[in-house]
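One structure below.
The values are calculated or read from the model by the stated rules, or taken from the named source; none is laboratory data. Just so you know, these numbers come straight off a predicted model, no measurement behind them. Positions of Cβ are generated from backbone atoms using ideal geometry, with glycine treated the same way; all protein chains shown enter the neighbour counts.
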Amino acid sequence: MVVAIVIELPTDLFKSPAEAFDNYLEKLEKGGAKKTRPFEVELTTYNPIIPNSKIVHVLTHSEYPASSFAYIDHSNTQMLVADNTFIALMDKLKALRVFDVRLSKTRVRGTRLEYQDFVINLGTVSQMEATKGLVLEVAFVAMDETRDGYCLIQEFLQSFLNTTKQKIQRLITEQLSMWLRSLKDRKDNEYNPSVTLLQYLDILGMRKQSNG
Amino acid sequence: MDPAQSLSGQNRSSFLPLEYVLQGSIEDKSAHLLRARLQGLCDNITGEVELFDDHEIVYSLRPPAPTNVSLRVRYALDDLPNPIYHLRYVAAAELDKSTHVSIRQFHDCCVTKNIQAFLQELGFGYDYEFYAKGDIYRKGRIKITVAKISTSTERNRNDGNPMVNRRPFTDSCFVEMSLIGSVLDDKVGDEMKSFADQLKPLISLEKIDQKR
């Protein structure tokens, strides 16, 4: 298991997200990270046609190729983790006029790099050929204890992005902060990949949580 | 090809999974004769018959859904306390008088424990549930299950107590012969029919009759 943090990288200092991507990639490679393979995260949103139903977001991540992750808006349920065939099932429900896909898929495409015990995924967010930004996912593979893993990754990000701890904490998504806060009461701090995907959902701007 | 890429490629492939089905029933007191005959006719690698003990819960969409969609959640009671849940969608069988077997489309995937809460959030309501306990026999691609269907005396919502009181539904066992194939398999129907003929006169396996 891994502990991972997903953040949106600022691209204001560069002319375009593509240039920012190249710049960060070069920085990582110069620091010793090795390119392994392309990585992709895909998000499809299903809107309900029938009245009592809710919006469902289905994500796939190339790091977990045999799974798909589903999340319902405005609900307190955790993420549902299923086989790849779940997408075929959702498409079938779409064909049966239970759900509808109104927005096109949002994709994060980029490169996966490995640096010792870290797995770094750097990618550009795009929807319908329009590039929207840059996302960085840093995972520490050697442990699954959330708080310690989070501190370690934070140190790594500090040195890589050359910024202060406070700036990094501001970049961390709301979902991960809530997860960390909820762990104070619980004994088991085991991280799981659904939290990574929830962070992606936050960044891709789609998640709406229920109040309370 | 990189395994991650080939798996995510599979995700996008549009294969149409079809299930060829024949169903029948046999009285409890004659079920042992059927089992003996099946043990003789079918593939018998280990010498022992494979048993199963499953709990299936059916959820369906309440009106005003356009079609009557139902999804089945099934898990093995043998796997407690952490069973693997299967989510299955089966369409109504096609009414085709020329074929010997019923053909229906289906989608199957493995999901996590929170599938029941997930389906309820989506607007699916609990319909009914049952327990199926019996044996599985295989002959080539054909799978035959001989199961005793029972219901519980009280509604058991959590996967928990296997000692719940079970009441048999009828005095007979439910027998189903199925094969998974694609649209291009013409000979499948004949293959299944000829095998079903070998089981007569003990049991007569027929197409699914929607009216009954």
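Structural remarks
- Selection within segment A:78-116 - surrounded by fewer than 16 Cβ atoms within 10 Å (Cβ to Cβ) and within 9 Å of chain B (Cβ to nearest Cβ): A:Arg97
- Boolean, B:Phe106 is within 9 Å of another protein chain (Cβ to nearest Cβ), among the aromatic types (Phe, Trp, Tyr) and either surrounded by 17 or more Cβ atoms within 10 Å (Cβ to Cβ) or closer than 27 Å to A:Asn192 by Cα (or both): no
- Within segment A:20-54, being within 21 Å of the chain's Cα centre (by Cα), within 12 Å of another protein chain (Cβ to nearest Cβ) and surrounded by 17 or more Cβ atoms within 10 Å (Cβ to Cβ) holds for A:Phe39, A:Glu40, A:Val41, A:Glu42, A:Thr44, A:Tyr46.
- Residues that are assigned to a helix (DSSP H, G or I) and surrounded by fewer than 16 Cβ atoms within 10 Å (Cβ to Cβ) within segment A:136-153 comprise A:Arg147, A:Asp148, A:Cys151, listed in sequence order.
- Of the numbered criteria (1) within 19 Å of the chain's Cα centre (by Cα); (2) more than 9 Å from chain B (Cβ to nearest Cβ); (3) part of a strand (DSSP E or B), the one A:Ser68 fails is (2).
- Of all residues in segment B:88-126, those satisfying the criterion of being charged (D, E, K, R) and under 14 Å from the mean Cα position of the chain (by Cα) are B:Arg88, B:Arg104, B:Asp108.
- Residue that is farthest from the other protein chains (Cβ to nearest Cβ) [pool: residues in segment B:82-102 that are without any contact (Cβ under 8 Å) to a residue 60 or more places away in the chain and under 24 Å from B:Phe118 (Cβ atoms)]: B:Asn82
- Strands (runs of 3 or more DSSP E) contained entirely in segment B:70-175, each with at least 1 residues that are closer than 18 Å to B:His55 by Cβ and modelled with pLDDT of 85 or more: B:70-76, B:85-90, B:102-111, B:124-139, B:142-152
- Segment A:55-65, subset in a strand (DSSP E or B) and facing chain B (nearest Cβ under 8 Å), residue surrounded by the most Cβ atoms within 10 Å (Cβ to Cβ): A:Thr60
- Segment A:22-54, residues that are more than 27 Å from A:Asp117 (Cβ to Cβ), touching a residue at least 24 places away in the same chain (Cβ under 8 Å) and not in a strand (DSSP E or B): A:Ile49, A:Ile50, A:Ser53
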